[in-house]
Amino acid sequence: MALNVIGLSKKYETQTAVDDLSFTIEKGSVVGFLGPNGAGKSTTLKMIAGYLIPDTGDVVLNGISNIKDPIAFKKLVGYLPESNPLYEEMYVKEYFSFLASVHEIESPKKRISEIIEATGLSPMQHKKISELSKGYKQRVGIAAAIIHKPALILLDEPTSGLDPNQLIEIRTLIQNLSKDAIVLFSTHILQEVSAICSNVIVLHQSKMVANTTIDGLIKPSQPAVRVVFEEDITSYLSDSFWANLSYEQADKHVLVVKSVDLSGLKKNILNYALDKGLNIQALQTQEASLEEIFKLLTH
């Protein structure tokens, strides 16, 4: 089982929201969909879910095309939008009964009991949705998305606004969902990605700028030195010393410099700093943090 996204594009008048996006996700994966606000994450999820028709491209799940056979495709998908739309005047268990009838689920009482237990909603099942905290409402939204046992689960910012305890609980729930399905969720919280994802896709200005494992994203393809200066290094980067070096500026004080000769590189950087009167706080062979990688990819 696999999800194949093929050349998805979407424009709103003159604004390109998603530009020729393609990737594949296998069953059992939890994939984080990363990107700054406005990068195209929500638009992409809406197109994958079949809620929004792409201008070009297709989405294929288990050989079923979202464009050619949208009804069969949507039966395989569970989708939690960022807004988490709920019928708040309904009771939790009543809401799940309604959803079970919409999906024509066999043995609905059994499935509702399973979903309530899986999402930790037992204490709240007889309450009105409007009376629940945001954390429990998120659980209800996730339960609604998975009640029909979908092959693909799409979650748009599922942990936004939750307190630390709620975050841990929702993380665990998302990880458990991947045992039987593909999980793709969007976020701009980097800790979420490193905590629960096997892979990450990064969008920036409507284009994909990375599609790899967490280790593949963080570990440099070439050995690198991370240099932390006490001063703002930006104005010094026009010096000839940096012209032949391969480096990325993580922020105004931090450079990640690549070289096959790390020992010689460190010596040269130290000599340069002494010559310029710069103070180095740290100089070490080190993987860039996820935050720094994100900045470099979406700068």
One checks the Cα atoms of the range 1-56 and finds Rg and Dmax, in Å, of 11.6, 38
Taking a label point 7 Å from the Cα of F98 along Cα-to-Cβ, the residues of the range 120-138 whose backbone nitrogen sits under 15 Å from it are 126-132
Highest GNM mean-square fluctuation among G50, G38, G135, for the chain with Cα springs under 10 Å, belongs to G38
Cross-link reach from K295 to lysines, straight Cα distance under 19 Å and at least 8 residues apart if same chain, gives K41, K207, K219, K252, K258
Ordered by fewest other Cβ atoms within 10 Å, a rough proxy for footprinting exposure, D275, D19 read D275, D19
The size of the Cβ-based charge dipole (Lys, Arg +1; Asp, Glu -1) of the chain about the Cα centre, to the nearest 20 debye, is 680
Here the convex hull volume per residue of the range 2-215, taken over Cα atoms and given in Å³, is 118
Candidate cut points under trypsin sites (Lys or Arg not before Pro) in the range 1-99, DSSP loop plus at most 11 other Cβ atoms within 10 Å of their own Cβ, are K68
If each part is reduced to its alpha-carbon centroid, the range 38-58 and the range 224-239 end up apart, in Å, by 40
GluC sites (Glu not before Pro) in the range 40-126 lying in a DSSP loop, each with at most 16 other Cβ atoms within 10 Å of its Cβ, come to E82, E88, E89, E104, E106
Taking r as the C-beta separation of L245 and T16 and R0 as 25 Å, the FRET efficiency to the nearest 0.05 is 0.15
Here the convex hull volume per residue of the range 156-264, taken over Cα atoms and given in Å³, is 172
Contact order relative to length for the chain, counting C-alpha pairs under 8 Å separated by 6 or more residues, stands in percent at 20
Listed residues G264, G216, G32; largest mean-square fluctuation, Gaussian network over the chain with Cα springs below 10 Å, found at G264
Partner lysines whose C-alpha sits under 27 Å from that of K110, ignoring same-chain residues fewer than 8 away, are K27, K74, K75, K93, K127, K128, K134, K137, K149, K179
Filtering trypsin sites (Lys or Arg not before Pro) in the range 123-211 by DSSP loop and by at most 15 other Cβ atoms within 10 Å leaves K127, K179
Quotient of Cα radius of gyration and Kirkwood radius for the range 224-297, i.e. Rg/Rh, equals 0.92
Within the set L167, L203, L278, GNM on the chain using Cα springs under 10 Å gives the largest fluctuation to L278
antiparallel share of DSSP beta bridges within the chain, to nearest 5, in %, is 65
Full extension between I67 and E291 adds, at 0.36 nm per residue less the Cα distance, a length in nm of 77.0 nm
Computed over the range 224-297, the relative contact order (Cα-Cα under 8 Å, seq sep at least six) in percent reads 47
The orientation-averaged projected area of the Cα convex hull of the range 43-134, in nm², is 7.2
Answer check: the range 56-110, Cα atoms, Kirkwood Rh, Rg/Rh ratio of 1.07
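Throughout, read-outs are computed from the coordinates displayed, never taken from laboratory work. Keep in mind the model is a prediction, meaning the values are calculated, not measured. Here the Cβ is made from the backbone with ideal geometry for all residues, glycine too, and neighbour counts use every protein chain on show.
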